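Engineer: Below you will find the structure I want to go over with you.
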Amino acid sequence: MNAPASTPDPLPDHPLPAEGYAGDVAPHLAWRWVQAGEAVLVDVRTDAEREWVGQVPGAVAIAWKQWPGMAVNPDFGAALRSSVPPGGKAVLLCRSGVRSVAAARCAAGLGIEAYNILEGFEGALDAQGRRGRVGGWRLRGLPWRQG
């Protein structure tokens with residue numbers, strides 16, 4: 001029998017400092033910024049991840065790495081520049097909050113105020129090595145849809 005997902009601990013309601021980009025933000029803060037028109041939500045997961053696992057309505061899809069080889073997307077910077085208005089900020093979402101750090105550093109190098117969304121879409125691995133049960137966008141009850 002599968003154990004139920006654990007209730008995630010609360011995350012801070014302010015950006016946390018980070019090296020090489022604007023900071024790390026909790027999923028609920030990122031969503032609040034997006035809803036207020038203060039940031040563009042950029043989902044940096046692969047097309048397959050978004051299709052199979054779920055996606056955030058209204059997010060801009062720009063893969064940081066491309067399947068199957070997981071090579072960095074050579075068009076990432078150009079696509080990001082065309083999606084985030086000059087002087088705007090971006091909040092970047094990946095599966096677990098790791099690829100989005102690299103993408104945020106790249107965005108910062110392009111002059112974009114970029115934030116990594118903590119925990120990503122699926123959260124950290126649980127004791128059995130599965131995602132979706134410890135933190136993450138979905139578990140925290142933020143908007144998403146399947147397929």
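Engineer: What value does segment 63-147 have for Rg/Rh, both radii from Cα atoms and Rh as Kirkwood defines it?
Structural biologist: 1.01
Engineer: Next question. Relative contact order (percent) for the chain, with alpha-carbon contacts under 8 angstrom and 6 or more residues of separation?
Structural biologist: Computed over the chain, the figure is 28 percent.
Engineer: Here is a further query. As a test of the formula, what do you get for the chain when each DSSP H run with n ≥ 4 contributes -39,500 (n - 2.57) and the sum is divided by the residue count, at 222 nm and rounded to the nearest 500 deg cm²/dmol?
Structural biologist: Theoretical 222 nm ellipticity from helices: -6500 deg cm²/dmol.
Engineer: Just the number please: accessible area per residue for segment 7-58, 1.4 Å probe, all protein chains included, in Å².
Structural biologist: With all protein chains present, segment 7-58 gives 50 Å² per residue.
Engineer: More than 24 Å apart: what percent of Cα pairs in the chain qualify?
Structural biologist: 26
The values are calculated or read from the model by the stated rules, or taken from the named source; none is laboratory data. Just so we're clear, the structure is a prediction, and the values are computed from it rather than from any experiment. With ligands, DNA and RNA removed, areas are computed over all heavy atoms of the protein, side chains included. Shrake-Rupley method; radii C 1.70, N 1.55, O 1.52, S 1.80 Å.
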